[in-house]
1. Step by step: first the residues of region B:28-60, then only those that are away from every other protein chain (no Cβ under 11 Å) and surrounded by 15 or more Cβ atoms within 10 Å (Cβ to Cβ), then the one that is nearest to A:V4 (Cα to Cα). Which residue is that?
2. So for region B:101-108 (the condition being without any contact (Cβ under 8 Å) to a residue 12 or more places away in the chain and of a type outside the set (D, E)), does at least one residue qualify?
3. Mind listing just one residue for me: the one in region B:1-58 that is part of a strand (DSSP E or B) and without any contact (Cβ under 8 Å) to a residue 40 or more places away in the chain and, of those, nearest to A:G106 (Cα to Cα)?
4. Considering each of A:N57, A:N79, A:N75 in turn, give the residue that is more than 9 Å from chain B (Cβ to nearest Cβ), polar (S, T, N, Q), under 30 Å from A:Q14 (Cβ atoms) and in contact with a Cys (Cβ under 8 Å, 6 or more places away or on another chain).
5. Quick test for you: out of A:K52, A:K40, pick the one residue that is without any contact (Cβ under 8 Å) to a residue 40 or more places away in the chain and in contact with a Ser or Thr (Cβ under 7 Å, 6 or more places away or on another chain).
6. Taking region A:87-112 on its own, how many of its residues are more than 9 Å from chain B (Cβ to nearest Cβ), surrounded by 17 or more Cβ atoms within 10 Å (Cβ to Cβ) and over 13 Å from the mean Cα position of the chain (by Cα)?
7. Among A:N79, A:N51, A:N62, A:N17, which is more than 24 Å from B:V89 (Cα to Cα) and modelled with pLDDT under 95?
Amino acid sequence: DTAVSQTPKYLVTQMGNDKSIKCEQNLGHDTMYWYKQDSKKFLKIMFSYNNKELIINETVPNRFSPKSPDKAHLNLHINSLELGDSAVYFCASSGGGNQPQHFGDGTRLSIL
Amino acid sequence: RKEVEQDPGPFNVPEGATVAFNCTYSNSASQSFFWYRQDCRKEPKLLMSVYSSGNEDGRFTAQLNRASQYISLLIRDSKLSDSATYLCVVIPNAGNNRKLIWGLGTSLAVNP
């Protein structure tokens, strides 16, 4: 079974549309994350939730809204998509203490 | 000074060579350290944690130098399959707000 799974793997859509990316982890971890990796390959944290509570919210446009219905799920909704949103979005999760993060295989978002 | 710095490379080495990367961090109170590997168009995958006493996993050795605030990764007998980007990760604080700080990565190309 895939530990961290995100859907869809590829998302091609037009500017101005609204889209969602889903993430689920079956590792029993308390903390989940969304990262953005653009064409320059820099991995940038966007959000982090711990037990459904938002704990990290970096400087991200408010068009991006995360939602965590339970600690195994963290979804990302994006309104009014812009060209600059084109990137790979990674979901990750981690356990307590100083445990490392485990990543999903990414959602490749392309805005036309 | 950036929170986490890595030489972006690329490092081009022949098969069988030994190669080492360093990663410096600015926060002397940093708690945990990891090396991740990322292949082209794939998600980052944990390579190894870095322990205070140093640790080894097969051909890979990780070390921490708290006095000089850097971690290192040594790859012995490099293989073609080691070609990837190696990302240094630092957790600067304990607690639930586990914001990992990611380096930009060091690119390694192992050539036949």
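The values are calculated or read from the model by the stated rules, or taken from the named source; none is laboratory data. The model shown is predicted, which means the values in this text are computed figures rather than measured ones. Ideal geometry is used to build each Cβ from the backbone, glycine not excepted, and the neighbour counts take in all protein chains shown.
1. Checking each candidate, the answer is B:R37.
2. no
3. Residues of region B:1-58 that are part of a strand (DSSP E or B), as a first pass: B:4-6, B:11-14, B:19-25, B:32-38, B:45-49, B:55-57.
Next, only the ones that are without any contact (Cβ under 8 Å) to a residue 40 or more places away in the chain stay: B:45-49, B:55-57.
Numbers: B:K45: 12, B:L46: 15, B:L47: 18, B:M48: 21, B:S49: 22, B:N55: 30, B:E56: 29, B:D57: 27 Å.
The extreme case among them is B:K45.
4. Details: A:N57 fails: in contact with a Cys (Cβ under 8 Å, 6 or more places away or on another chain); A:N79 fails: in contact with a Cys (Cβ under 8 Å, 6 or more places away or on another chain).
Selected residue: A:N75, the only one of A:N57, A:N79, A:N75 that is more than 9 Å from chain B (Cβ to nearest Cβ), polar (S, T, N, Q), under 30 Å from A:Q14 (Cβ atoms) and in contact with a Cys (Cβ under 8 Å, 6 or more places away or on another chain).
5. On the way: A:K40 fails: in contact with a Ser or Thr (Cβ under 7 Å, 6 or more places away or on another chain).
It is A:K52.
6. 1
7. Details: A:N79 fails: modelled with pLDDT under 95; A:N51 fails: more than 24 Å from B:V89 (Cα to Cα); A:N17 fails: modelled with pLDDT under 95.
A:N62 is the lone residue from the list that is more than 24 Å from B:V89 (Cα to Cα) and modelled with pLDDT under 95.
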